[in-house]
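**Q** The structure that follows is given in the form of structure tokens.
The values are calculated or read from the model by the stated rules, or taken from the named source; none is laboratory data. Owing to the predicted nature of the structure, the values given are computational and were not obtained by experimental measurement. Because the Cβ atoms are built from the backbone with ideal geometry, glycine has one as well, and the counts that use them run over all protein chains shown.
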Ligand SMILES: [Zn+2]
């Protein structure tokens, strides 16, 4: 079967290459903002009753750009034309999302009218779909106009697939996140549909901060050392930020460092989690996870909660496509399902369980278990009830598994936590 797969590598650009990358990102932003200014001007003219065409689609935006670029950006030849195309494609997407959202055709949060992009704000990126995009062993990555770029990590995995003819690069996206450059290759990949080793087995997984994950089998997958180190540093820096005067120069500097560190934590965790999610999807027929508390992610809360949510989001993201690859399935618990507060032995539910309490003690049956392991067993029981197969752990029975569970869908930007009954 053919699937899409992204291969992402951190880059180590030389100063010359870094300037070229930054310049291409800037060129993309220029095209996006220029196109947006034109759309706004035309909309205004239209509102005044003038008979003008508003360029709304990518072909229309490209026609306008080609007509205006010589006057607007006489330096346009300095960049790959893909930089401008990428900006205009981004604008066309944003305009389409806005109208679809306004007409109620789009799930998820309401999309506002596109806004001008500011330098250094948000995620800056530029995409390449044609031209000299290559990965080889000499120097890892070749991009149109920019040339050879050193990568920070080996590209062997992708390289082997390209050589074997089981992958084809469709596009390359360069981005800067937290002060570091990345390239992500979207590839069409040929893969054999797989079968998990134990199709009948069920496992519940919970991702966290203290451990990378805890399984319902009782196994705790520890955080790798670099992640532990980065997390400690993050907590330190977070306390430092709280001491600084909000808005001051020091406060802004600390905040920038914190943003870089957050990006680093996410990056290390993503790498570490790949090993685990591959193992789970290859082994178990059914994998149960907790559903993401999406609304919670948007609010500014305690650091530990935010980190736990980010870990869970990454776990789910990877499992969503890997379970499809390996022929297993992902089941997620409704956020209202009390996986932490429910006793995996007798099913009694506690009223409260503070986040800091690491051990679960059941008042009804006396069960004493690690908090995360207990939650994992509940998830496994729930998943087993849905899957209709035997649970993985002896404790989990799934007998009072309520209909508070459903099949996972990969993307659900629209889901939001309502009030639990
Ligand atoms: Zn109990």
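**Q** Residues in the range 179-190: is at least one modelled with pLDDT under 90, over 30 Å from residue 101 (Cβ atoms) and exposed (fewer than 15 other Cβ atoms within 10 Å of the Cβ)?
**A** Yes; the residues of the range 179-190 include at least one that is modelled with pLDDT under 90, over 30 Å from residue 101 (Cβ atoms) and exposed (fewer than 15 other Cβ atoms within 10 Å of the Cβ).
**Q** Which residue is nearest to residue 124 (Cα to Cα), if the candidates are limited to the range 239-254 and must be assigned to a helix (DSSP H, G or I) and touching a helix residue (DSSP H, G or I) at 6+ places or on another chain (Cβ under 6 Å)?
**A** This residue is 254.
**Q** Then there's this: Do you know which residues across the range 210-232 are crowded, with 20+ Cβ neighbours inside 10 Å and either part of a loop (DSSP other than H, G, I, E, B) or touching a strand residue (DSSP E or B) at 6+ places or on another chain (Cβ under 6 Å) (or both)?
**A** Scanning the range 210-232 gives 212, 213, 214, 215, 216, 223.
Residue-by-condition table, conditions (1) within 16 Å of residue 119 (Cα to Cα); (2) free of Cβ contacts under 8 Å to residues at least 12 places away in the same chain:
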residue	(1), (2)
10	no, no
18	yes, no
22	yes, no
43	no, yes
50	no, yes
61	no, no
72	no, no
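**Q** Another question about this same structure. Looking at residue 416, is it within 18 Å of residue 289 (Cα to Cα), touching a helix residue (DSSP H, G or I) at 6+ places or on another chain (Cβ under 6 Å), surrounded by fewer than 17 Cβ atoms within 10 Å (Cβ to Cβ) and modelled with pLDDT under 80?
**A** yes
**Q** Given the structure, is residue 9 closer than 30 Å to residue 135 by Cβ and within 23 Å of the chain's Cα centre (by Cα)?
**A** yes
**Q** Within the range 246-266, does at least one residue satisfy the condition of being in contact with a strand residue (DSSP E or B) (Cβ under 6 Å, 6 or more places away or on another chain) and surrounded by 14 or more Cβ atoms within 10 Å (Cβ to Cβ)?
**A** Looking for residues that are in contact with a strand residue (DSSP E or B) (Cβ under 6 Å, 6 or more places away or on another chain) and surrounded by 14 or more Cβ atoms within 10 Å (Cβ to Cβ), one finds at least one in the range 246-266, hence yes.
**Q** All but one of (1) out of contact with any helix residue (DSSP H, G or I) (no Cβ under 6 Å at 6 or more places or on another chain); (2) modelled with pLDDT of 80 or more; (3) farther than 21 Å from residue 279 by Cα; (4) not in a loop (DSSP other than H, G, I, E, B) hold for residue 360, so report the exception by its number.
**A** Residue 360 satisfies all of (1) out of contact with any helix residue (DSSP H, G or I) (no Cβ under 6 Å at 6 or more places or on another chain); (2) modelled with pLDDT of 80 or more; (3) farther than 21 Å from residue 279 by Cα; (4) not in a loop (DSSP other than H, G, I, E, B) except (1).
**Q** Sticking with this structure for a sec: Out of the range 313-342, which residues are more than 13 Å from the ligand (Cβ to nearest atom), part of a loop (DSSP other than H, G, I, E, B) and farther than 24 Å from residue 191 by Cβ?
**A** If the condition is that a residue be more than 13 Å from the ligand (Cβ to nearest atom), part of a loop (DSSP other than H, G, I, E, B) and farther than 24 Å from residue 191 by Cβ, then 334, 335, 336, 337, 339, 340 are the ones that fit.
**Q** Given the conditions (1) under 16 Å from residue 6 (Cβ atoms); (2) surrounded by fewer than 19 Cβ atoms within 10 Å (Cβ to Cβ); (3) in contact (Cβ under 8 Å) with a residue 40 or more places away in the chain, and given that residue 152 satisfies all but one, which numbered condition is not satisfied?
**A** For residue 152, the failing item is (1).
**Q** Return the only residue of 60, 31, 41, 37 being closer than 26 Å to residue 149 by Cβ, out of contact with any strand residue (DSSP E or B) (no Cβ under 7 Å at 6 or more places or on another chain) and part of a helix (DSSP H, G or I). I'd like the intermediate steps shown before the answer.
**A** On the way: 60 fails: closer than 26 Å to residue 149 by Cβ; 41 fails: closer than 26 Å to residue 149 by Cβ; 37 fails: closer than 26 Å to residue 149 by Cβ.
Exactly one of 60, 31, 41, 37 is closer than 26 Å to residue 149 by Cβ, out of contact with any strand residue (DSSP E or B) (no Cβ under 7 Å at 6 or more places or on another chain) and part of a helix (DSSP H, G or I), namely 31.
**Q** Looking only at the range 200-209, filter to residues that are surrounded by 15 or more Cβ atoms within 10 Å (Cβ to Cβ) and not in a loop (DSSP other than H, G, I, E, B); which one of those is farthest from the chain's Cα centre (by Cα)?
**A** The initial filter retains those residues of the range 200-209 that are surrounded by 15 or more Cβ atoms within 10 Å (Cβ to Cβ), namely 201-209.
The next check asks that each one be not in a loop (DSSP other than H, G, I, E, B); those that pass are 201-207.
Values: 201: 28, 202: 25, 203: 23, 204: 21, 205: 18, 206: 17, 207: 15 Å.
The residue in question is 201.
**Q** Tell me which residues, restricted to the range 5-44, are surrounded by fewer than 21 Cβ atoms within 10 Å (Cβ to Cβ) and within 30 Å of residue 322 (Cβ to Cβ).
**A** Answer for the range 5-44, where residues must be surrounded by fewer than 21 Cβ atoms within 10 Å (Cβ to Cβ) and within 30 Å of residue 322 (Cβ to Cβ): 5, 6, 7, 8, 10, 12.
**Q** Would you mind stating whether residue 155 is in the same structural domain as residue 8 (by TED's automatic domain parsing), over 20 Å from residue 17 (Cβ atoms) and under 27 Å from the mean Cα position of the chain (by Cα)?
**A** Judged against the criteria, residue 155 is not a match.
**Q** Further question: Quick one: in the range 343-370, of everything that is closer than 27 Å to residue 196 by Cβ and crowded, with 19+ Cβ neighbours inside 10 Å, which residue is nearest to the ligand (Cβ to nearest atom)?
**A** Residues of the range 343-370 that are closer than 27 Å to residue 196 by Cβ, as a first pass: 344, 369-370.
When the remaining residues are screened for being crowded, with 19+ Cβ neighbours inside 10 Å, the result is 344, 369.
Numbers: 344: 8, 369: 9 Å.
Among those that are closer than 27 Å to residue 196 by Cβ and crowded, with 19+ Cβ neighbours inside 10 Å, it is 344.
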